[in-house]
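Below you'll find the structure, written out as structure tokens, and then a few comments.
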Amino acid sequence: GAVVSQHPSRVICKSGTSVKIECRSLDFQATTMFWYRQFPKQSLMLMATSNEGSKATYEQGVEKDKFLINHASLTLSTLTVTSAHPEDSSFYICSANGAGNTIYFGEGSWLTVV
Amino acid sequence: QKEVEQDPGPLSVPEGAIVSLNCTYSNSAFQYFMWYRQYSRKGPELLMYTYSSGNKEDGRFTAQVDKSSKYISLFIRDSQPSDSATYLCAMSADTGGFKTIFGAGTRLFVKA
């Protein structure tokens with residue numbers, strides 16, 4: 001089946017620094033990937049839609065200058081959290097469409113900003 | 001009113017019980033319905049995918065969609081402690097995964 005991989009699974013960074021999270025589709029090409037944020041015991045919140053070769057589409061309330069998304073190839077999208085602050089600490093999950101128009105999720109990345 | 005309503009639980013059942021998880025929705029345009037299982041600190045895992053109305057069975061899992069009532073269900077037979085997780089329903093009106101709406105997730109605990 002389709003597999004979506006995220007890296008790193010866990011990262012700790014200092015406040016004010018930037019951190020990059022990668023999302024890869026391992027056995028299929030994904031022109032579109034999605035980035036979500038999930039707080040403990042809450043559901044997924046769509047942050048942005050990543051489009052290969054073009055600008056990402058951000059959901060209302062999501063700062064595009066803070067959460068930089070790059071989708072440079074059909075198998076890789078990256079999310080960079082710039083000038084991270086403790087309130088950015090969260091679980092970030094990416095997803096991509098596999099066969100049959102279903103969504104497959106990555107394993108998620110835990111970000112802790114100290 | 002939220003587009004998708006799902007009781008967050010928690011739902012606690014004994015091992016071997018039949019579990020019923022449900023979601024209601026308001027958008028009659030939804031045609032694609034999915035159930036995901038999410039273990040703590042992990043990404044969601046696709047369990048079931050259904051197009052339009054009807055039933056779909058996969059092992060101990062059965063998904064039902066009743067579009068006339070705007071109601072979907074996931075049944076788990078012979079529940080096991082390993083089924084303890086959060087179950088998210090999801091649905092969308094079109095292909096491509098755009099504007100997929102997720103339920104809040106129901107936390108399930110299966111006691112040994």
10 Å Cβ neighbours from other chains, averaged over peptide A:105-111: 3
Set of aspartates and glutamates near B:LYS111 by C-alpha distance (under 16 Å), chain-local residues within fewer than 8 positions excluded: B:GLU15, B:ASP78, B:ASP83
Carbon plus sulfur fraction of accessible area for region A:1-68, probe 1.4 Å, in percent: 49 percent
Contact order relative to length of chain B, as percent, for alpha carbon pairs under 8 angstrom and 6 or more apart: 37 percent
Mean-position separation - Cα centroids, region B:1-50 and region A:1-61, in angstrom: 22 Å
Relative contact order %, region A:63-114, counting alpha carbon pairs below 8 Å whose residues are six or more apart: 30 percent
Gain in span if fully extended, A:PHE39 to A:LYS20, counting 0.36 nm per residue against the direct Cα distance: 5.0 nm
For region A:62-78, 3J(HN,Hα) per residue [Karplus equation, 6.51 cos²θ - 1.76 cosθ + 1.60, θ = phi - 60°, Hz, x = Gly/Pro]: 9, 7, 5, 7, 8, 10, 7, 10, 10, 10, 7, 9, 6, 10, 9, 10, 10
13 Å Cα-Cα reach of A:LYS66 towards aspartates and glutamates, excluding residues that sit fewer than 8 places from it in its own chain: A:GLU87, A:ASP88
Separation of the A:ASP27 and A:LEU68 label points, Cα + 7 Å toward Cβ, nm: 3.4 nm
Averaged over A:68-80, number of beta-carbon atoms from partner chains that fall within 10 Å: 0
Under-5 Å amide H pairs with B:GLY105, H placed in peptide plane, nonlocal only: B:CYS89
Computed over chain A: relative contact order in percent, which uses C-alpha pairs under 8 Å that are six or more apart: 37 percent
A:HIS7/B:ASP7 FRET efficiency (R0 35 Å; Cβ-Cβ; nearest 0.05): 0.55
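The values are calculated or read from the model by the stated rules, or taken from the named source; none is laboratory data. All figures in this text were calculated on a predicted structure; none of them were measured in a lab. Methodologically, a virtual Cβ is constructed for each residue, glycine included, from the backbone with ideal geometry; neighbour enumeration extends over all protein chains shown. Side chains included, ligands, DNA and RNA excluded: accessible areas come from the protein's heavy atoms. Shrake-Rupley method; radii C 1.70, N 1.55, O 1.52, S 1.80 Å.
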